[in-house]
Amino acid sequence: MNICVIPARGGSKRIKSKNIKDFCGKPIIKYSIDVAIKSEIFNDVIVSTDNEDIAEVALNSGANVPSLRPKNLSDDHTGLIPVIKHAIENLHQNDSEIESVCCLLATCPLVSKDIILEVMRKYNSSNCDYCFTASEFDYPIERAFTLSKSNKMKMINPESYKMRSQDCVSAFHDAGMLYWGKKSAWLQEVQIFSDNSTFYKLPRELSIDIDNMDDWHHAELMYQFLTKSRI
């Protein structure tokens with residue numbers, strides 16, 4: 001049995017009502033809910049939220065909201081794993097046959113059925129605890145630098161300065177879209193970024209982490225472009 005859990009707390013600070021804000025004609029969380037339902041691979045699509053407005057949108061979109069998430073799992077410092085663990089435990093008495101859980105983020109309007117299925121296939125064939133979406137950095141991380149306390153440039157790895165671009169390794173980052181995992185891994189709070197995890201390479205143009213309104217507008221433009229290109 002597979003279930004999908006979509007975490008969506010209220011109280012976002014940088015973008016007000018972020019998880020239900022209108023995105024190209026409908027609440028942004030509805031994109032994740034719609035795709036999860038249309039994939040037809042989940043026995044249940046659950047929204048984990050502490051907010052009644054989000055719960056109402058989720059229910060109207062066809063998702064299940066068993067109960068509101070407790071406040072101690074709804075602050076700025078709560079990670080994904082405790083939230084998914086709570087959602088599983090909240091269903092455990094009725095769903096003991098759950099084997100895998102897909103955590104799908106609420107602000108992923110570029111997610112598609114094909115992506116969910118491809119990540120699932122890699123997860124199923126890997127025997128790993130988790131499989132998640134990741135994108136490749138578009139510039140060698142060996143050349144990364146930061147600003148020092150004295151307001152001067154400081155290379156993070158000075159020994160890599162003379163490396164040729166073709167000698168640099170491919171490096172990836174979490175795309176912030178979805179995470180397939182074993183129920184046991186979520187319940188035991190096994191870290192996602194561990195030796196027993198793998199990832200599915202997501203095209204860079206589909207990897208947009210919406211943290212502020214610039215990200216939001218960028219995502220809208222990309223969604224509109226992709227929608228037109230599919231017609």
**OP:** May I ask you to rank 4, 24 by accessible area, largest first, using a 1.4 Å probe over the protein chains only?
**Re:** 24, 4
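Could you please state how large a percent of the accessible area of region 1-61 is carbon and sulfur, counting protein chains only and using a 1.4 Å probe?
Here carbon and sulfur together make up 43 percent of the probe-accessible area.
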Original post:
Which value at 222 nm does the chain reach when only helices count, each DSSP H run of 4 or more adding -39,500 (n - 2.57), with the total divided by all residues and rounded to the nearest 500 deg cm²/dmol?
Top reply: -9500 deg cm²/dmol
Original post:
What is the magnitude of the charge dipole of the chain about its Cα centre, with +1 placed on the Cβ of each Lys and Arg, -1 on the Cβ of each Asp and Glu, and no other charges, expressed in debye to the nearest 20?
Top reply: 640 debye
Original post:
Once both axes come from the Cα atoms, what is the angle between helix 80-91 and the longest principal axis of the chain, in degrees from 0 to 90, rounded to 10?
Top reply: 10 degrees
Original post:
What's the angle, to the nearest 10 degrees (0 to 90), between helix 213-230's Cα axis and the longest principal axis of the chain?
Top reply: 80 degrees
**OP:** Report, to the nearest 10°, how far helix 113-126 tilts away from the longest principal axis of the Cα atoms in the chain, using its own Cα long axis and a range of 0 to 90°.
**Re:** 80 degrees
Subject >> Å² of accessible area per residue within the chain, as computed with a 1.4 Å probe and no ligands counted >> reply: 56 Å²
Subject >> Which of 123, 223 is most accessible, then next, and so on - probe 1.4 Å >> reply: 223, 123
Original post:
Summing Lys, Arg as +1 and Asp, Glu as -1, what charge do residues with Cβ under 13 Å from the Cβ of residue 181 carry, residue 181 excluded?
Top reply: +1
**OP:** Under 16 Å between C-alpha atoms is the cut-off here; go through region 1-150 and count lysine pairs that meet it, provided they're at least eight residues apart or on different chains.
**Re:** 10
Subject >> Max mean-square fluctuation residue, GNM over the chain, Cα-Cα springs under 10 Å, options 17, 135, 96 >> reply: 96
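Got the relative contact order for the chain handy, in percent, Cα pairs under 8 Å and 6 or more residues apart? Display every interim value, and only then the final one.
Values: 380 pairs, mean separation 53.3, N = 231.
Relative contact order here is 23 percent.
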**OP:** Take the alpha-carbon centre of region 20-39, take the same for region 105-166, and report the distance between them in whole Å.
**Re:** 26 Å
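Roll a 1.4 angstrom probe over the protein heavy atoms and tell me the percent of accessible area of region 101-231 that is carbon or sulfur.
Working: 4110 of 7880 Å².
Here carbon and sulfur together make up 52 percent of the probe-accessible area.
First obtain the Kirkwood hydrodynamic radius of the chain from its Cα pairs, then insert it into the Stokes-Einstein equation at 4 °C and 1.567 mPa s, and state the resulting D in µm² per second as a whole number.
Numbers: Rh = 19.0 Å.
D = 68 µm²/s.
The values are calculated or read from the model by the stated rules, or taken from the named source; none is laboratory data. All values derive from a computational prediction rather than experimental measurement. No Cβ is skipped: glycine too gets one built from the backbone with ideal geometry, and neighbour counts run over all protein chains shown. Each accessible area value is taken on the protein alone, full model and side chains, heavy atoms only, with ligands, DNA and RNA left out. Shrake-Rupley method; radii C 1.70, N 1.55, O 1.52, S 1.80 Å.
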